[in-house]
Every structure is written in structure tokens, then in C-alpha cells.
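The values are calculated or read from the model by the stated rules, or taken from the named source; none is laboratory data. Since we're looking at a predicted model, the values are computed, not measured. Because the Cβ atoms are built from the backbone with ideal geometry, glycine has one as well, and the counts that use them run over all protein chains shown.
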């Protein structure tokens, strides 16, 4: 069974997290540390493949100063987040952000492999 992804209608940036509102009436909160840890770029994503490197990535992120990122749309399919410090390379597909909002594994159990999935 395929579920339809609701459309994000609002993204409110707060000091430590963002609140996402969807057209189905649901709202979800995503912490910036969780967002940064789920970065899909070629540098960050492989670090989540192993427990030890994933914990190292998490510690590196938590050591960064707390900040609200700048947000920009990428086409009609994703958002990009710009941070003063740390990685700003990831392009977060709306499905990935929705998985984070629902506290699901945004990698969906797949290890990072160079190239398209």
C-alpha cells in the first residue's frame, strides 16, 4: 500500500527546532540536531552506516553552536538548509523531512552507497 505524502504548508524556525505543518492538519517538530544528523550529502551520509561513526557525527553536531538555519526550496521536491557552521551540502527531499517529522529512519534502512539510490 502506497501512502500519499501530505504537502508541507508551513515551516516555522525556532531556536532549537522547526515546526512543520501539513495540509492534512498534522504538525510535527524536528530538532535541528536530528535534521543535521540526517544530512543526505556524500560526506555525512556514509558516517551513519556504522554505529561508531554515527555516534561521532552526532557528537560533532551537538558540539556546534545552536542556530536557526536559512532555508531555501530546491525545485518542487526538496529544501536546503544553510548553517553558519557545519555541513550545508545536503538537499532534503520532502519525503526525507516527513520521515524525520514522524521519527522514522530517513535512510529507510539503506546504507549510503556512492551514486543514485
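Summary of values
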| item | result |
| --- | --- |
| Subset of the stretch 84-100 (residues that are closer than 20 Å to residue 54 by Cα and more than 9 Å from the chain's Cα centre (by Cα)) | 85, 86, 87, 88, 89 |
| Considering residues of the stretch 46-67 that are without any contact (Cβ under 8 Å) to a residue 60 or more places away in the chain and crowded, with 16+ Cβ neighbours inside 10 Å only, the residue farthest from residue 10 (Cα to Cα) | 47 |
| Residue in the stretch 108-117 that is out of contact with any strand residue (DSSP E or B) (no Cβ under 8 Å at 6 or more places or on another chain), closer than 20 Å to residue 4 by Cβ and modelled with pLDDT under 95 present | yes |
| Among (1) surrounded by 12 or more Cβ atoms within 10 Å (Cβ to Cβ); (2) touching a helix residue (DSSP H, G or I) at 6+ places or on another chain (Cβ under 9 Å); (3) more than 16 Å from residue 107 (Cα to Cα) - the single one residue 70 does not satisfy | (2) |
| Filtered residue count, the stretch 8-45, keeping only those that are loosely packed, with under 13 Cβ neighbours inside 10 Å and in contact (Cβ under 8 Å) with a residue 24 or more places away in the chain | 5 |
| Failed item, numbered, when residue 79 is tested on (1) without any contact (Cβ under 8 Å) to a residue 60 or more places away in the chain; (2) surrounded by 11 or more Cβ atoms within 10 Å (Cβ to Cβ); (3) farther than 20 Å from residue 111 by Cα; (4) in contact with a strand residue (DSSP E or B) (Cβ under 7 Å, 6 or more places away or on another chain) | (1) |
| Conditions (1) crowded, with 19+ Cβ neighbours inside 10 Å; (2) touching a helix residue (DSSP H, G or I) at 6+ places or on another chain (Cβ under 9 Å); (3) not in a loop (DSSP other than H, G, I, E, B); number of the one not met by residue 98 | (2) |
